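To keep things clear, I will list the structure first and then write my remarks on it.
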Amino acid sequence: MKEFGVDEFAQMAELMRRPFHENYFAMYSSVHGGIVTDPVLMTMPADDHLVHRGDGIFETMKSVNGRIYNMVAHLERLGQSAEKLDLVLPASIDDISRITIDTVRASGRKDCSIRIMVSRGCGSFGVNPYDCPAAELYIIVSGLKKPFMDDHPDGATMKTSAFVSKLPFFASTKSCNYLLNVMMQKESVDAGVDFVVAFDENGFMAEAPTENVGIVTPDKELLFPRHEGILRGTTMIRAAELAGSLVGAGVLAEVRFDDVTRAAVSGAEEILIVGTTRNIIAVQEFDGTPVGRGADGVVFSRLSTLLLSDIHENPDMQTVVFD
C-alpha cells in the first residue's frame, strides 16, 4: 500500500473530486484559521471529537437573495446547545456571526445553505471530552434545496415512525449525534413516503427526522408538541408567531404548544411540516389515509404566504450579506 505525504496529497487533489462537490461553495475552519472555496480542501481532522464521537453542535440557516433568514434565533439556539453540553464556544456569538457572513461572501452565493458546527475539538480518539484542549468552529456554505412544495404541489405523504423519539435532553439539544434522525430518514425512503414522524414513550407526537410537525384540529386549533420533548425549531417558533394574525382574522381559534396524541393526528383537518429549508409543507396522507384537503388547506395556504413574506420582505428577520 502506497504511503502519502503532504506533497503527494496535493498532487492527488484532482483525483479527489466528486460530482456532489459542485454544491460545496465555501468553508471556514478554525483549525486552519481561514476560508477555502475548493471542495477538496474542506476537511476536518480525524481526531476531532465531532468526527468520531458526534460530540458537537450545529445550526443550519439559509440565505435567500443575499440575506440570511432568522440568523439571530439560530445563533441564540447555538449558544443554548453549547451551554447544555458544557461546551465553551471558540468565539463569541458576534464573531461567529461575522465569520459566517464572511464565509457566505467568499462563496459568492446569494442563495445558499449555511451550516455552523462547533466541535468539542481535537485531542484524542477517546470519549473523554477533557482530552480536547479547545473547541473548533466550522462553517460550510452549500447549495440550497428548493422548498418541498415547489416540487410536490399536492403535498407530502407521512407515516408513523417505528422509532421512539429521543429523550427530552437529547431531543432539545441540536447536537451532531443524528443517528436516530438518519435511521428515521432511511425508514421513510424504504417505506416510500416523504416523511415519518416519531412519537414518544407516552404516545405523544414528537418530530420528523429534521423537521417539526403541527396539526390543525377540527376546532381550528394549531397545535405543536411541547418544547420539552422536541427540538425548538426556529421556523416552527416563527410560524407560530405569524399564525397569531390568523387567530385575529378568525381563521384559527388558538395557537399553542401541547401534548398531541395519535388520535388527534389521525383526526386532524391539516397536518403541517415545518423546517428551515423546507418552509411549510402540507401533508396529504398520513398512515395511508387522506388528510383533509391536503395542499388546499386554509391554514397551510395562509401561513405559507405569511412565512414567504417574512423570508423575502421582513428586514427585521434578515441579516444582509450582499447589498
inquiry  = Run the simple label-point estimate for Thr277 and Leu167 please: 7 Å along Cα→C-beta, distance reported in nm.
reply    = 3.0 nm
key: Exceeding the 27 Å Cα-Cα cut-off - candidates Lys84/Lys110; Lys62/Lys220; Lys2/Lys186; Lys84/Lys145; Lys166/Lys186; Lys146/Lys220   = Lys84/Lys110; Lys62/Lys220; Lys2/Lys186; Lys84/Lys145; Lys146/Lys220
3J(HN,Hα) from dihedral phi, the range 56-69, Karplus parametrisation 6.51/-1.76/1.60, rounded to Hz, x for glycine, proline = x, 10, 8, 9, 10, 10, 9, 10, 10, 6, x, 10, 7, 8
key: For Ser161, distant residues with modelled amide H under 5 Å away   = Val197, Ala198, Phe199
note = Using alpha carbon centers only, the range 282-323 is separated from the range 28-99 by a whole-angstrom value of 27 Å
query = Can you give the extra length, in nm with one decimal, that the chain gains between Gln185 and Asp94 once fully stretched, where that is 0.36 nm per residue apart less the Cα-Cα distance?
reply = 29.4 nm
key: Where trypsin sites (Lys or Arg not before Pro) in DSSP loops with at most 12 other Cβ within 10 Å are excluded, longest remaining stretch of the chain   = 18-323
message = To check my understanding: the extent here is largest minus smallest coordinate of the Cα atoms along each principal axis. What are those three numbers for the range 1-91, in Å, largest first?
response = 47, 35, 21
Degrees between helix 298-313 axis and first principal axis of the chain (Cα, 0 to 90, nearest 10) = 40 degrees
query = Semi-axes of the equivalent ellipsoid of the range 74-205: what are they in whole Å, largest first, if each equals the square root of 5 times a C-alpha gyration tensor eigenvalue?
reply = 30, 23, 13
key: C-alpha long axis of helix 71-84 to longest principal axis of the chain, angle in °   = 70 degrees
query = If we restrict to alpha carbons, what Rg and Dmax does the range 149-313 come to, in Å?
reply = 14.6, 42
query = Rounded to the nearest 0.05, what FRET efficiency do Thr261 and Glu76 have when you use their Cβ-Cβ distance and R0 = 30 Å?
reply = 0.45
ask   = If r is the Cβ-Cβ distance from Val51 to Ala249 and R0 is 41 Å, what FRET efficiency results, to the nearest 0.05?
value = 0.25
message = Please list, in order along the range 243-255, the HN-Hα scalar couplings obtained from phi with the Karplus expression 6.51 cos²θ - 1.76 cosθ + 1.60 (θ = phi - 60°), rounded to whole Hz, x for Gly and Pro.
response = 5, x, 5, 6, 5, x, 8, x, 6, 10, 8, 6, 10
ask   = For Asn177, which sequence-distant residues (separation of 5 or more, or a different chain) have an amide H within less than 5 Å of its own amide H, given hydrogens modelled in the peptide plane?
value = Gly56
remark   = The extension gain from Glu313 to Asp7, computed as 0.36 nm times the residue separation minus the Cα-Cα distance, is 105.2 nm
ask   = Angle between the Cα long axis of helix 93-107 and the longest principal axis of the chain, 0 to 90 degrees, nearest 10?
value = 80 degrees
inquiry  = Contact order normalised by length for the chain, with contacts defined as Cα pairs under 8 Å and 6 or more residues apart; what percent is it?
reply    = 18 percent
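Computed from the coordinates by the stated procedures, all read-outs in this text should not be read as laboratory data. Everything numeric here is computed off the predicted structure, so don't read it as measured data. When we count neighbours, we look across all protein chains shown, and the Cβ atoms used for this are built from the backbone with ideal geometry, even at glycine.
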